[in-house]
Amino acid sequence: MVTLNDYLIASGLLFAIGFAGVLLRRNVIIIFMALELMLNAANLSLIGFSRYNVHDGLPDYNGQVLAFFIITVAAAEVTVGLAIIVALFRAKQTTHVEDITTLKF
Amino acid sequence: MSPLLFWVFVAIMLFFGGMVVLNRNPVASALSLVVSFLALAALYVSLDAYFIGVIQILVYAGAVMVLFLFIIMLLDLKAESRRRLNFPATCGGFLVIFLFVTVVADVSHRFEGGNAKFQAISQGPQGDVWHVGMVLFQHFNIALQVVGTLILVASIGVVILSKRELK
């Protein structure tokens, strides 16, 4: 039997993997992908809670709508982020975060 | 969904999620992320969220990841060479991750309701998309308009950002 806790633990592990990616990798694009993993981990727990909270034989659709909004905003974020990465690559010829230190104090 | 299928999809999702982080080659990372998202969509479907599952495949595994692959190939990124890790940051990061997983495991362990079986649902003849659409357009109409404006602003921003000379 699969329960809500199983989904929550899977979601937590996925979030941890994404967080480790942000910390360990130095390539901007990989860091960006790890951010996407973290957003999706949050979505998984939202959908899990939505399915758990049953009213009148229907799941709580507010959770699913929030996940929908997260997916939409993430898509907008990806387009802007990748445009910034391309502009950065044009200026610096690198996507390595340690080579980009213009804003470093 | 049977427990076996659930754990198979969780294992695929976590394994390929790990491969995103561990692969040196950005193209391999992006393709691993696609597989991870497909397994995640299967988990959404197992939670009776068919619409979100389909959106996950179409938008994420389709559009967003194609955009990622396009940019990786456009920039012609090579597999990066190994660089020395920032040791204190890495240790601190793993400490935070360990604490996070511990807290999630502890909370789930103590959350009695989470161990109950999911209640049966019946979405009726309309199906899943109808209900999501009703909630989206009735209760969250303003938010939907705002998100539409956000996407418009984002696309204008992308056009401006990708001009050759910023002024």
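Of the listed requirements (1) within 30 Å of B:F118 (Cα to Cα); (2) touching a residue at least 40 places away in the same chain (Cβ under 8 Å); (3) surrounded by 23 or more Cβ atoms within 10 Å (Cβ to Cβ), A:L82 misses just one: (1). Given the structure, is B:V146 closer than 20 Å to A:V80 by Cβ, exposed (fewer than 11 other Cβ atoms within 10 Å of the Cβ), modelled with pLDDT of 85 or more and not aromatic (F, W, Y)? So B:V146 fails the test. In the set (1) in contact with an Asp or Glu (Cβ under 9 Å, 6 or more places away or on another chain); (2) outside any loop (DSSP other than H, G, I, E, B); (3) not hydrophobic (A, V, I, L, M, F, W, C), the condition left unmet by B:H109 is number (1).
Look at region B:139-151: where a residue is assigned by TED's automatic domain parsing to the domain that holds B:V59, no partner that is surrounded by 11 or more Cβ atoms within 10 Å (Cβ to Cβ) and among the aromatic types (F, W, Y) sits 6+ places away or on another chain with Cβ atoms under 9 Å. Working only within region B:114-167, note down all residues that are aromatic (F, W, Y) and within 9 Å of chain A (Cβ to nearest Cβ). Those that are aromatic (F, W, Y) and within 9 Å of chain A (Cβ to nearest Cβ): B:F118, B:F140. Number of residues in region A:36-73 that are surrounded by fewer than 18 Cβ atoms within 10 Å (Cβ to Cβ) and assigned to a loop (DSSP other than H, G, I, E, B): the value is 5.
Determine if region A:12-33 includes at least one residue that is more than 7 Å from chain B (Cβ to nearest Cβ), under 19 Å from A:L66 (Cα atoms) and among the small types (G, A, S). No, there is no match, as no residue in region A:12-33 is more than 7 Å from chain B (Cβ to nearest Cβ), under 19 Å from A:L66 (Cα atoms) and among the small types (G, A, S). Region B:5-84 holds helices (runs of 4 or more DSSP H) entirely within its bounds, and those carrying 1 or more residues that are more than 7 Å from every other protein chain (Cβ to nearest Cβ) and of a type in the set (S, T, Y) map to B:26-46, B:50-55.
The values are calculated or read from the model by the stated rules, or taken from the named source; none is laboratory data. Being a predicted model, the structure only gives us computed values, none of them experimental. Methodologically, a virtual Cβ is constructed for each residue, glycine included, from the backbone with ideal geometry; neighbour enumeration extends over all protein chains shown.
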